[in-house]
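Enquirer: The structure follows.
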């Protein structure tokens, strides 16, 4: 069962990279600052390196802070991961960006509550996660709006050549965004695998081994390198026609919010932050520029993620209990 857990978790991590690669590269590709493959490969390399540079605070929050230790079994953890995998695949198929972080939290809550009751939820850890997930999109929207306004003020008298400078600068901002994504999202997988190590008796205390960091970072990097093109098209073109200045502003804003959360141990949704920052950058130029109907579709998916995966996680737990006891 422990090896099933590792396999399921790495599949989730791979799909996380595949699913969320759109967050990193959509703007840099749509503004034609970088060719698609080069952007994906650079992002994958940065995401592999990031967890080794910025620590594992998020992994500790996910692995220790949400569910009481006595309620954690291998069946609970596997059900949580599989629920997140199902939701990621569904939202990818319909081309709507959603949060892998929300999906994992919902799956873990559903399976653990069904296994041992509501009392196993650690309120302090849950509040930390919920606050991070709720506030981060707002911060992304405001940061994208504010940064774009600043760019418009500073470069209001610039010639068209400034677009070329923004294109070149996007390589740096895309790299920073990729590092911030790898430092946050890959850690959720590390937290789950380490939780499994403690549950299965391979470790007495919760600490993330180096080999767990390596395989988790490798899985998310591989998924990113292959890219989720359906979601890249949604973020890169359906919200509005992105120009280099929008891409530069949204990437910078997103990277600052996500990296700050990673250093504080807050498991934010990269999808939510980047999508909100793109909308904020567009709205800074003209509110009507943003296709808010697309934003509404994304918001519906965001709201449904935790309740749906909570239900899926609970059902999968029942199935695993029936099969394996």
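Enquirer: Can residue 132 be described as part of a helix (DSSP H, G or I), surrounded by fewer than 24 Cβ atoms within 10 Å (Cβ to Cβ) and out of contact with any strand residue (DSSP E or B) (no Cβ under 9 Å at 6 or more places or on another chain)?
Expert: It is true that residue 132 is part of a helix (DSSP H, G or I), surrounded by fewer than 24 Cβ atoms within 10 Å (Cβ to Cβ) and out of contact with any strand residue (DSSP E or B) (no Cβ under 9 Å at 6 or more places or on another chain).
Enquirer: Since residue 156 meets every condition but one in (1) in contact (Cβ under 8 Å) with a residue 12 or more places away in the chain; (2) not in a helix (DSSP H, G or I), which condition does it not meet?
Expert: Result: residue 156 passes all but (1).
Enquirer: Collect the residues in region 159-177 that are over 26 Å from the mean Cα position of the chain (by Cα) and either closer than 30 Å to residue 107 by Cα or surrounded by fewer than 13 Cβ atoms within 10 Å (Cβ to Cβ) (or both), keeping them in residue-number order.
Expert: Answer for region 159-177, where residues must be over 26 Å from the mean Cα position of the chain (by Cα) and either closer than 30 Å to residue 107 by Cα or surrounded by fewer than 13 Cβ atoms within 10 Å (Cβ to Cβ) (or both): 159, 160, 161, 164.
Enquirer: I'd like to know if region 1-14 contains one or more residues that are surrounded by fewer than 24 Cβ atoms within 10 Å (Cβ to Cβ) and modelled with pLDDT under 80.
Expert: Yes.
Enquirer: Go over the candidates 78, 67 one by one and state the one that is in contact with a strand residue (DSSP E or B) (Cβ under 9 Å, 6 or more places away or on another chain), under 27 Å from residue 131 (Cα atoms) and modelled with pLDDT of 80 or more.
Expert: Result of the check over 78, 67: 67.
The values are calculated or read from the model by the stated rules, or taken from the named source; none is laboratory data. Predicted, not measured: the structure shown is a model, and the values here were computed from it. Here the Cβ is made from the backbone with ideal geometry for all residues, glycine too, and neighbour counts use every protein chain on show.
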